[in-house]
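Report on one structure; see the data block that follows.
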Amino acid sequence: MSSLTARIITFRGLRFKKCGIFAGEVSTIKSKNKLQSHSAIPFDRIILGIDPGTNIMGYGLIGCNKKKASIISLGVVKLNHLEEHSLKLKHIFERCLTLIDEYHPDEMALEAPFFGKNVQSMLKLGRAQGVAMAAGLYRQLPIFEYAPRKIKQSITGSGSAGKEQVAAMLQKMLHFKETPQFLDATDGLAAAYCHFLQNNTGETNEKKYSGWASFVKNNPKKLK
């Protein structure tokens with residue numbers, strides 16, 4: 001066992017030993033409350049936010065009570081130690097399932113891939129998002145997808161805000177002082193918080209998938 005893995009186990013406790021530790025994961029912030037099950041969590045609902053990536057996947061979880069949100073956990077899953085793209089996709093799928101089984105979120109919100117000039121990079125990023133969505137659908141979670149610009153606009157008021165600005169606003173809104181080592185973690189948290197804000201304002205312009213049949217119906221080209 002590597003020293004990094006040993007430190008993570010010590011930090012997270014026995015509960016994560018039982019569900020498994022994946023090499024390369026770095027968890028940056030976690031609530032002091034050791035929440036054991038969904039019934040023990042004092043929230044109306046929990047949102048899991050995912051920032052898909054082929055080298056680093058960011059994630060964040062928030063608990064919601066009416067118009068108030070609280071941070072539960074955020075972190076990243078490092079994938080650059082895996083050479084094969086297929087292994088990275090497998091790792092993303094497994095890690096998302098572990099997060100779902102650990103925290104029992106009610107909904108999943110993802111940052112949609114942006115359209116760039118590098119076709120190969122876009123293809124890989126789309127696959128990363130797809131397997132994260134598949135993990136949520138496998139556990140029958142409603143899936144919500146937001147464009148990067150929409151997330152930035154919701155958090156900072158500017159669709160062109162940088163990662164640092166998004167992180168700073170989340171620290172202020174969710175009242176945490178720690179600065180994550182990787183801003184991908186706050187990007188995942190931003191997806192979750194953006195979804196929370198849309199629900200409170202009544203906006204409904206996000207893409208929603210309530211199951212595999214819904215995903216297939218809305219994304220026929222992705223299955224060709």
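A compact table of results
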{"read-out": "Selection from region 74-103 of residues that are touching a Lys or Arg at 6+ places or on another chain (Cβ under 7 Å) and in a loop (DSSP other than H, G, I, E, B)", "value": "L79, L82"}
{"read-out": "Residues that are open to solvent by less than 40 Å² (accessible area, probe 1.4 Å) and either among the charged types (D, E, K, R) or under 20 Å from K78 (Cβ atoms) (or both), drawn from region 104-125", "value": "E107, L110, E111, P113, L125"}
{"read-out": "Number of positions in region 72-101 that are over 25 Å from Q140 (Cβ atoms) and buried (at least 17 other Cβ atoms within 10 Å of the Cβ)", "value": "4"}
{"read-out": "Matching residues, region 47-68, being part of a strand (DSSP E or B) and more than 12 Å from the chain's Cα centre (by Cα)", "value": "G63, C64, N65, K68"}
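The values are calculated or read from the model by the stated rules, or taken from the named source; none is laboratory data. As the structure is a computational prediction, the values presented were derived from the model and not from experiment. We place every Cβ from the backbone using ideal geometry, glycine too, and count neighbours over all the protein chains shown. SASA here: full protein model, heavy atoms, side chains in, ligands and nucleic acids out. Shrake-Rupley method; radii C 1.70, N 1.55, O 1.52, S 1.80 Å.
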